[in-house]
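Colleague: I am attaching a structure below and will ask some questions about it afterwards.
The values are calculated or read from the model by the stated rules, or taken from the named source; none is laboratory data. This is a predicted model, so every value here is computed, not measured. Neighbour counts are summed over all protein chains in view; Cβ atoms, including those assigned to glycine, are modelled from backbone coordinates with ideal geometry. Heavy atoms of the whole protein, side chains included, go into the accessibility calculation; ligands, DNA and RNA do not. Shrake-Rupley method; radii C 1.70, N 1.55, O 1.52, S 1.80 Å.
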Amino acid sequence: MANDFTWGVATSAYQVEGGRFKDGKVNSIWDTFSDTGRLPESGDVACDHYHRYLEDIALMSDLGVDAYRMSIAWTRVVDNSGQANPAGLAFYDGVIDALIAAGITPWVTLYHWDLPQGLEDAGGWPDRSTVDAFASYSNIVSNHFGNRVKHWITINEPWVAAMLGYREGVFAPGRTSMADALAASHHLLLAHGRAVATIRANVPDAQVGIALDCRPSQPASANQADAEANRHFDGFRNRWFFDPVFGLGYPQDMLDAYASAEYLSSLHPDWLKDGDLETIATTIDFLGLNYYTSLVIGAGSEEAEEGAVRPGPNPPAGYTEMGWAIKPDAFRQYLGHLNATYSPRSIVITENGASFGDAPGPDGQVRDLRRQQYLESHLAAVDHAIGEGVPVDGYFLWSFLDNLEWTSGFAQRFGIVHVDHTTQARTPKGSFHWYRRRIGRRSRSIDRQVPD
Ligand code: FCB
């Protein structure tokens, strides 16, 4: 990796902050999800980062990262009437100022799934008015922090927010309509495009991107039915988002499939307005890519949109505790595919990491060798892709802390810092020390450079 490669760690507000009742924060759809018994543990306290951010930033400084990807909770900085909440903004002033003082560049995500409940009650992401509310929130936040925050990520993983939240109902807000999910996906992308323009207007030297999740896939066999199932899955899971962001519009095969299933026509006849695709395709400075695993898809699933997941020709190098196959080669190949298909100016890995539950041993050390191996193999894939000409300019490890892994609660641990969820004690794991060495190798080479 080049000397100006950005090394970072990532978290999100609901997963680490807690402080639910501080600053006049209003409820998000995840607070409601928790209040209605849909989470094994609530995020009311989470990692108590709200009170412990100075300790956490000191640890990051010890780690030696260049950058920290954090998200702002919309519900902390904007009240239920859409006005700025000064107390909430002041909390993030504290975090951002402490990061900058520690020499760590804040990369701020505006939306990591915590929609204000008031907006969900008014229709949520399937309703176009939520796009206007997001644009207004983006304006407040980029105006306030733009003098210090230059790196912005609009929306995190629109597929998850739309499909798990509105179609499968397993994530907040827990609705189960494919038509709603498709409308939500469009409005999330539109909100992204609107926010890019808003941020640029407020922060002329901003670097703005979106964090898209991906599930690269390959067909289970060479037969045509498997190939078709795989292409459909790729359209549903990946192309539906990447294509419009990069100016190709929605993929025609998916528009046809969704129209014939009457998802688009029955409930939302007017979902795609003139100019929307241009807004979504507003040029971005970097593509944020979240990669964890890839799938093998065969025909004959009950889930028409997803195809059946099968064991494939290339067996994984094991599984993480999320049950996700470990496939670093697919990561390298997908980076090459994205570069060839969309020619992004720059790609930043905004998330990559693994869940393994290793706990402190009798000597207090956490030996999470499997995480280290996962990270090593995926960084090697990034290195390889760079060698093949893919412009990858940064890597944010998910996650800095063991945190609240949504509906898995505290059971899934992605952190390189172990968190005891009873005492809140932080213990850097073996992977933390390994990552510090990995980053340090390159920092030392920078230090040796003679300034002009
Ligand atoms: C991603 C999310 C992130 C975390 C990781 C494991 O989908 O963006 O918040 O849950 O998965």
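Colleague: Using Cα centres only, tell me the gap between segment 226-245 and segment 366-436 in whole Å.
Modeller: Value for the Cα centre distance between the two parts: 28 Å.
Colleague: Mind checking which aspartates and glutamates have their C-alpha under 18 Å from LYS150, skipping anything on the same chain fewer than 8 residues away?
Modeller: ASP4, ASP66, ASP93, ASP97, ASP205, ASP285, ASP393
Colleague: Between beta-carbons, use under 12 Å as the cut-off and find the net charge around GLY118, counting Lys and Arg +1, Asp and Glu -1.
Modeller: Local charge sum for GLY118: -4.
Colleague: Okay, helix-only estimate at 222 nm for the chain: each DSSP H run of n ≥ 4 adds -39500 (n - 2.57), divide by all residues, round to 500 deg cm²/dmol; what do you get?
Modeller: The per-residue figure over the chain is -12000 deg cm²/dmol.
Colleague: If you don't mind, there's one more thing I want to ask. Please work out, to two decimal places, the log10 of the ratio I(q)/I(0) at q = 0.10 Å⁻¹ from a Debye calculation in which every Cα of segment 26-136 carries one identical scatterer.
Modeller: Taking Cα atoms of segment 26-136 as identical point scatterers yields -0.35.
Colleague: Additional query: First compute the accessible area of the chain with a 1.4 Å probe, then give the percent of it belonging to carbon and sulfur atoms.
Modeller: Carbon plus sulfur share of accessible area: 50 percent.
Colleague: Can you say what percent of the DSSP beta bridges in the chain, counting only those with both residues inside, are antiparallel? Round to 5.
Modeller: Numbers: 8 of 45 bridges.
Expressed as a percentage, antiparallel bridges in the chain total about 20.
Colleague: Another question, if that's okay. What's the Cα-based Rg to Rh of segment 225-265, Rh via Kirkwood?
Modeller: Ratio value, two decimals: 0.99.
Colleague: Identify the chymotrypsin sites (Phe, Trp or Tyr not before Pro) of segment 163-235 meeting these criteria: DSSP loop state and at most 14 other C-beta atoms within 10 Å of the C-beta.
Modeller: Passing sites in segment 163-235 do not exist.
Colleague: Net charge near ALA101: determine it from the other residues with C-beta under 13 Å of the C-beta of ALA101, scoring Lys and Arg +1 and Asp and Glu -1.
Modeller: On the way: positive: ARG148; negative: ASP93, ASP97.
Around ALA101, the charge tally is -1.
Colleague: Helix by helix through the chain, keep the DSSP H runs that span 18 Å or more along the axis on Cα and average at least 1.0 on Kyte-Doolittle, and give those back in order.
Modeller: Working: long enough: 49-63 (20 Å, -0.35); 86-101 (22 Å, 1.26); 129-145 (24 Å, 0.19); 178-202 (36 Å, 0.51); 328-342 (21 Å, -0.63); 369-387 (27 Å, -0.34); 430-447 (25 Å, -1.52).
Helix filter hits for the chain: 86-101.
Colleague: Still on this structure, please answer the following. Taking the solvent-accessible surface of protein heavy atoms with a 1.4 Å probe, what is the per residue accessible area of segment 6-444 in Å²?
Modeller: On the way: 15470 Å² over 439 residues.
On a per-residue basis, segment 6-444 sits at 35 Å².
Colleague: Leaving out same-chain residues fewer than 8 places away, which lysines sit with a Cα under 24 Å from that of LYS327?
Modeller: LYS429
Colleague: Along each principal axis of its Cα atoms, how long is the chain end to end? Whole angstroms, biggest number first, please.
Modeller: 58, 53, 51
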